[in-house]
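Encoded as structure tokens, the structure appears first; notes follow it.
The values are calculated or read from the model by the stated rules, or taken from the named source; none is laboratory data. These numbers come from a predicted model, not from an experiment. Using ideal geometry, Cβ is built from the backbone for each residue, glycine included, and neighbour counts are taken over all protein chains shown. Protein only, heavy atoms only, side chains kept; ligands, DNA and RNA dropped before computing areas. Shrake-Rupley method; radii C 1.70, N 1.55, O 1.52, S 1.80 Å.
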Amino acid sequence: MTSLRDPLTLPCGQVLPNRIMKAALSEALGTKQNAPDERLERLYTTWSQGGYGLLITGNVMIDRAQLGEPGNVVIEDERDLAALTRWAKTTHDAGVPIWVQLNHPGRQANPLALGHTPVAPSAIPVNLPGATTPRELTQGEIEDIIERFANSAAVCEAAGFDGVQVHAAHGYLVAQFLSPLSNQRDDDWGGDPQRRMRFVLEVVRRIRSRVSPGFALGIKLNSADFQRGGFTEEESRDVVAALAGEGLDLIEISGGSYEQPAMMGTAAASTRAREAYFLEYARTVRGLAGDIPLAVTGGFRSRDGMQTAVHTGECDVVGLGRPTATTPDAADVILANRADALSTRSLRFGMRGVLGRVADLKSLDGMLDLGWHADQLHRMGAGRAPDLDRGRLATVLALVRRNGRASLRPQRRGAR
């Protein structure tokens, strides 16, 4: 019987000490030069002592001209190799593998951080407040982005990280190529599901060709984007089948985007029937993935739920996201039987009757909740404990300070 405490040997030969993973959370703790510093070292030292079998960093960008938000770390060459090496070492001292999540925001770039028009597969803006219509990428620019993913992965290996994870979920660039809502090209990179998946396949192949066989390569993939006319579960299963022969070491299943944040528990009731939002989908791709282990992130809270998912083979690794921002040793809490379940907090706006007439509350609540959890990461990066009593006002002020007033601009009902 497989247990949460059991180690897991990945296809590349890397061994995870147990089955609980700290999933990626965007820290926004990079310097003004987009480099890691002692705050990230402090945060990951804390997590390295939390009992996890794997730590995945959040939202490291591959192009400093294309940021998802202020404070992103960027890896595009070796200029920050010494700082990256110190970051990787923080978890190695505790014997915990650390992977870098590599990402390109595409049309979800923060306009205040970017300073110019974002790029995307097609010139279609994201349906969020303050969104800018992106410029369609040329074929030459697509090739350059693929090469950037590979370059960044090679730098990560040189710095001592144990692997990288390609972020192909949550509405970022790779997911934009996969979705017919954001990719309406009619060339070799779009037009049908096979051509829409070409970009992710080329990214994975290029990275694998540039790193050593023992360096882990994972991907975070949407089960669906939960939007009418968007990326479906059937299309997602086809992508998993195509990736099965590409030398991957872990497929992490999530879902949704910032337009429809299913990864934060806003999916339909049928999707939330199980404790973890995406377990039903994971069961359907188990055979398609072949020997590649599956991780599921989103909704896990109880020890019984985690153990059952691993014991039944629905997934090989349990991913924890938001609970690690409030309980940094969440894995140890579960593995050492210190509690039956992890506690969490979701922050929501008040005045729902008033705000509901002028704003998309789902988007506003999602932004507030993400901001509240980001505040906890900033506290730990400063050497302080999480503050579970932090209120809405303090969170809003921190959001505006980091991202500008556009971060909370209300969206009128029906706006596109």
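Distance between the 7 Å Cα→Cβ label points at Lys32 and Ser212: 3.8 nm. Phi angles of region 37-52 translate, via the Karplus equation with coefficients 6.51, -1.76, 1.60 and θ = phi - 60°, into HN-Hα couplings of 9, 5, 5, 5, 4, 5, 4, 6, 5, 4, 5, 5, 9, x, x, 6 Hz per residue; Gly and Pro are given as x. Annotation: amide H-H contacts under 5 Å for Asn59 (H modelled 1.01 Å from N, sequence separation of 5 or more, or interchain): Gln101.
From the square roots a ≥ b ≥ c of the eigenvalues of the alpha-carbon gyration tensor of the chain, which class results: rounded (a/c under 1.5), prolate (a/b over b/c), or oblate?
rounded
Per residue, the average separation of C-alpha pairs within less than 8 Å and at least 6 apart gives the chain a relative contact order of 17 percent.
With the simple spin-label model, which puts each label point 7 Å out from Cα in the Cβ direction, the Arg195 to Asp340 separation comes to 5.5 nm.
Modelled this way, with points 7 Å down the Cα-to-C-beta line, the labels at Ala82 and Arg205 are 4.0 nm from one another.
Only DSSP H runs of four or more residues enter the estimate; each adds -39500 (n - 2.57), and after division by the residues of the chain the mean residue ellipticity at 222 nm equals -10000 deg cm²/dmol.
For Leu8, the residues 5 or more places off, or on other chains, whose built amide H falls under 5 Å of its own are Leu16, Asn18.
Converting phi to 3J(HN,Hα) with the Karplus coefficients 6.51, -1.76 and 1.60 and the offset θ = phi - 60°, region 286-300 yields 4, x, 5, 6, x, 8, 7, x, 10, 10, 10, 10, x, x, 5 Hz in sequence order, with x at every glycine or proline. Computed with a 1.4 Å probe on the full set of protein chains, the accessible area for Tyr281 sits at about 10 Å².
Annotation: amide H of Arg185 within the under-5 Å range of Gly191, sequence separation 5 or more or interchain, hydrogens built in the peptide plane.
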